[in-house]
1. Would you point out which residue out of HIS139, HIS155, HIS107 is in contact with a Lys or Arg (Cβ under 9 Å, 6 or more places away or on another chain), over 27 Å from SER187 (Cα atoms), touching a residue at least 24 places away in the same chain (Cβ under 8 Å) and not charged (D, E, K, R)?
2. Filter segment 183-219 down to residues that are crowded, with 16+ Cβ neighbours inside 10 Å and either in a helix (DSSP H, G or I) or among the polar types (S, T, N, Q) (or both), then give me how many there are.
3. Please note which strands (runs of 3 or more DSSP E) are completely contained in segment 283-365 and include at least 2 residues that are at pLDDT 95 or above and either under 26 Å from GLY42 (Cα atoms) or among the small types (Gly, Ala, Ser) (or both).
4. List pairs: first in segment 225-244 and within 13 Å of TYR171 (Cα to Cα), second among the charged types (D, E, K, R) and crowded, with 21+ Cβ neighbours inside 10 Å, Cβ under 9 Å, 6+ apart or cross-chain?
5. With respect to the numbered conditions (1) part of a helix (DSSP H, G or I); (2) crowded, with 20+ Cβ neighbours inside 10 Å; (3) of a type outside the set (Phe, Trp, Tyr), which one is the sole condition not fulfilled by GLU123?
6. For segment 427-464, enumerate the residues that are within 17 Å of ARG103 (Cα to Cα), at pLDDT 95 or above and not hydrophobic (A, V, I, L, M, F, W, C).
7. Mind checking whether some residue in segment 66-76 is of a type in the set (Lys, Arg), part of a helix (DSSP H, G or I) and surrounded by 19 or more Cβ atoms within 10 Å (Cβ to Cβ)?
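The values are calculated or read from the model by the stated rules, or taken from the named source; none is laboratory data. Computed from a predicted model, the values in this text were never measured in an experiment. Cβ: placed from backbone, ideal geometry, glycine included. Neighbour counts: every protein chain shown.
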Amino acid sequence: MIKQLLWSAVFTLGLSAQAEQRPNILFVYLDDFGWKDTGYMGSDFYETPNIDRLAKQGMIFTDAYSTSANCAPARACLLSGQYTPRHQVYNVGTRPRGDARHRRLEHVTGTNKLRLDIVTWAEALQKAGYRTGMFGKWHLGAPPIEQGFDVAVEHNKIPGMRGHIGRNGEYLADVLTGKTLEFISNSKGKPWCAYLSHYAVHVPLQAKRDIIKKYEAKKPGRLHQHAVMAAMIESVDEGVGRLVAKLEETGQRDNTIIFFFSDNGGYGPATDMAPLHGYKGNYFEGGIRVPFFVNWHGKIQGGQKSAEPIIGVDLYPTFLELAGGDRPEQPLDGVSLVSLFRGRKKTLGPRPLYWHFPAYLQSYDVYEEQRDPLFRTRPCSVIRLGDWKLHEYFEDGVLMLYNLRDDIGEQKDLAKERPQLVKKLHGMLQSWRKETGAIVPRAPNPRFDPEAEAKAIHAARLKLRPVK
């Protein structure tokens, strides 16, 4: 009996020690933050010393992707661990975008809410014993408290906040960082996950006046010159510095893993992702490839850089592995990244990444990095496998093939030169759509007017101006 009690005590202590070793998770998720919008990724104007330091002390992923080129579907994929056809959040809202006379197909409506029967990673972490907090942009319908968060502060429900500026001069990025700091200070006795989902750097472009002045006086870069965008980014970076200081002050730095990510590509009228082609809202690289790094002091060797293609749905299984959580009884489309950043593997092996957008996104006033000047994107699906990327557009059936190793800017369409590869990738894309139940728009739009479309395209091209 005594022996059994001793073994039970040892086993209980072992479980307790194991629980204590599970890391806290600090997840900094930005809105409309482009691939080149940090110093460590090559900005020649924006200043991000705190973010750069974390990135260089951790592992940088150069080929990281959002699951969508705009925010609501990207967030639904992120929280559910599922590609868009499974949850059917395709756009911000469900109404068609752009002039009806220019849309050739009836768009797929989808939904604007993440279903409550879908188990989010926040719910899975709660079940694994984590305290969870969400601070910032939610955009998924039902309140975060109903989707696995113990504490939630939604950015658009903060009293007196208009865009990024509060009635008493508060700045939203500072407020959200402050709420995250409170959560970290109050999370004692159990591991925690803080999801800091900044509204920055989404429009309206608003920043602190003193920081704007600093960038107005600074020599413009060749890539970036927008003073307000630079000031918004600096405020986010200052907040990251405050978070790291809090972790060090409370003795939690070594047991906290930090993730840094963005929901889609940068805002075309204010930033630039060159040499990538495209920006927020389209499925060229500039619209979906985003900055991503992982930092875990003492656990992840610094100075690492990986070109492994990864995507937003990979975060769910990654969090589960870190937390020792159970997989829910639902499809998860990603794979854990832990083996990569812990050095157990150099690659995850060849695997396809997918995107499906059966709707429309109307154009900005700038449009030279789109297929046409009327829409940032028309209904499409995309696959990347290794170095190869295939676009399929449903209105005209066009298939475009690019080799991203040789042509990261997607300038040379190789579809006619590599017909067998096009056939292979297109077949994989079709099989994936069938497997996931993806809805493809087929019905003609009765309001489509080809003459009106042609006139609008011609008029837009006459006033074409550069993106800045």
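1. Values: HIS139 fails: over 27 Å from SER187 (Cα atoms); HIS155 fails: over 27 Å from SER187 (Cα atoms).
Exactly one residue qualifies, and that residue is HIS107.
2. 8
3. Correct list: 289-295, 304-306.
4. ILE233/ASP37
5. For GLU123, the exception is condition (2).
6. Residues satisfying the conditions are PRO441, ARG442, PRO444, ASN445, PRO446, ARG447, ASP449, PRO450, GLU451, GLU453, LYS455.
7. Yes, because at least one residue in segment 66-76 is of a type in the set (Lys, Arg), part of a helix (DSSP H, G or I) and surrounded by 19 or more Cβ atoms within 10 Å (Cβ to Cβ).
To keep it simple, each residue is scored yes or no on (1) under 23 Å from TYR267 (Cα atoms); (2) surrounded by fewer than 22 Cβ atoms within 10 Å (Cβ to Cβ); (3) of a type outside the set (S, T, N, Q).
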position	(1), (2), (3)
LYS345	no, yes, yes
GLY349	no, yes, yes
ALA359	yes, no, yes
GLN362	yes, yes, no
VAL366	yes, yes, yes
PHE375	yes, no, yes
GLY386	no, yes, yes
LYS389	yes, no, yes
